[in-house]
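Right, one structure below, let's go through it.
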Amino acid sequence: MSKSSRRTFLKTSAVGVASIASTQAFAQNQNLSQKTIAEVKKIEAKEIAATTANWDDGLAHPIPYKNPPGKGKDRAIVLGGGSEYMSSFLVGYFHAMLSNGIDLRLADIVVGTSAGAVLGSALLGSRLDLFSAEFNLLADYPKIMAKLVPTKKFLPSQERVMKMGIDAKDGSPVTIQAIGHAAMAAKSIPSEKFQTNIKVFLGDMKNIPPKMYITTIDCYTAERLVIAPDSGVSVITACAASASAPGVTGPTWVKDRICMDGSIGSTETHCDIVAGSKRALVVALADTIEQEKEGLRLNQLPNTILQEVKDLEAGGTKTKLVVVGMLPGRKTMSVVDPQIMEPAIKFGYERGMQDLPEMKRFWMAA
């Protein structure tokens, strides 16, 4: 049976109708092959994604990005996610750069995901000094941070979606939709409270800074969303959506879409948005899926950072990749542990100081 014939059969037969209505019931039929079940799941995923085909909100952008906004730009920055650990590292790294004559604010475009969305907005919105002061305060008082974003005890609905992320083996729409639907059903930290926490760091910022692009994922359709400066979405809402880790915080409404962490997909950094730029600084938490075992990953979705850098360079973009990796002296850790913040800020600053000579050649050259 051809692929088109099989699809027609599945959609029109009694078995096909039943399976479209309930994949779980379909899976229980031992006479049906795993391949057939997978085909039906793919059909379901496409049908769900098609429900927004006629929407004109300007948010959904397939990977790779068609006509990326970074094309033709000179300097680009891509900042990945990584919760408290990545946020703290970036505070230290940015300060090492800015205090030694390397002005990262010269970037023509910045793409941020999760922690990278908040820190990128702080950088371009001239909030970095105050942000750093607040973050260092919280690093001294981790119990305060723990109250803002409690990550010690989770309810069964939260544990369910977090386990789905750990068990995931691919970034297909089927997988991402399943995680997104579970995220919508988890009793996580409400988005409103999470946005209040983000305001602690971004203060009275209202709009997404010019040149800032923030990524998130549509929980229902699994589409990659890119929130641009002219989207009409506030910077607080955009950052909250990008950092709504399934099972921990959110999800967050962006216009008429319910959204989760931008790292839940086939890419964690979204380098394709700056494709065609002259040079790009890319900061990512990890570069291999095995690092999840060390506590650096909150899911096992494929991390394509090394391939993304190769793709950028193949397109003519000179790229400097900074992989944060494990905190020195540690074998395991949790990226959401507030106790990690103070040493992570110090680590970020030290890494930045080490990178100064190369960054001066890479970033400041005409």
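The values are calculated or read from the model by the stated rules, or taken from the named source; none is laboratory data. These numbers were taken from a predicted model, which means no experiment stands behind them. Note that we place each Cβ from the backbone using ideal geometry, even for glycine, and neighbour counts take in every protein chain shown. With ligands, DNA and RNA removed, areas are computed over all heavy atoms of the protein, side chains included. Shrake-Rupley method; radii C 1.70, N 1.55, O 1.52, S 1.80 Å.
Phi-derived couplings, Karplus 6.51 cos²θ - 1.76 cosθ + 1.60 at θ = phi - 60°, listed residue by residue for segment 255-266: 6, 9, 10, 9, 10, 10, 2, x, 8, 8, x, 7 Hz, with x used for Gly and Pro. In this view, the solvent-accessible surface of E223, computed with a 1.4 Å probe and all protein chains in place, comes to about 40 Å². Each peptide in 317-326, 252-261 was scored by the mean count of other Cβ atoms within 10 Å over its residues; highest first, the order is 252-261, 317-326.
Shown here is the pair-distance distribution of segment 166-280: with all Cα-Cα distances grouped in 5 Å bins from zero up to the longest one, the shares run 2, 13, 22, 23, 19, 12, 7, 2, 0 percent. Both numbers refer to the Cα atoms of segment 199-238; Rg and Dmax are 11.1, 32 Å. Highest-first packing order for the peptide set 85-93, 332-340 is 85-93, 332-340, based on the mean count of other beta carbon atoms within 10 Å.
In terms of accessible area, using a 1.4 Å probe and ignoring ligands and nucleic acids, I217, I166 rank largest first as I166, I217. 3J(HN,Hα) along segment 113-126: 10, 6, 4, x, 5, 5, 6, x, 5, 5, 4, 6, x, 6 Hz, from the Karplus curve 6.51 cos²θ - 1.76 cosθ + 1.60 with θ = phi - 60°, whole Hz, x for Gly and Pro.
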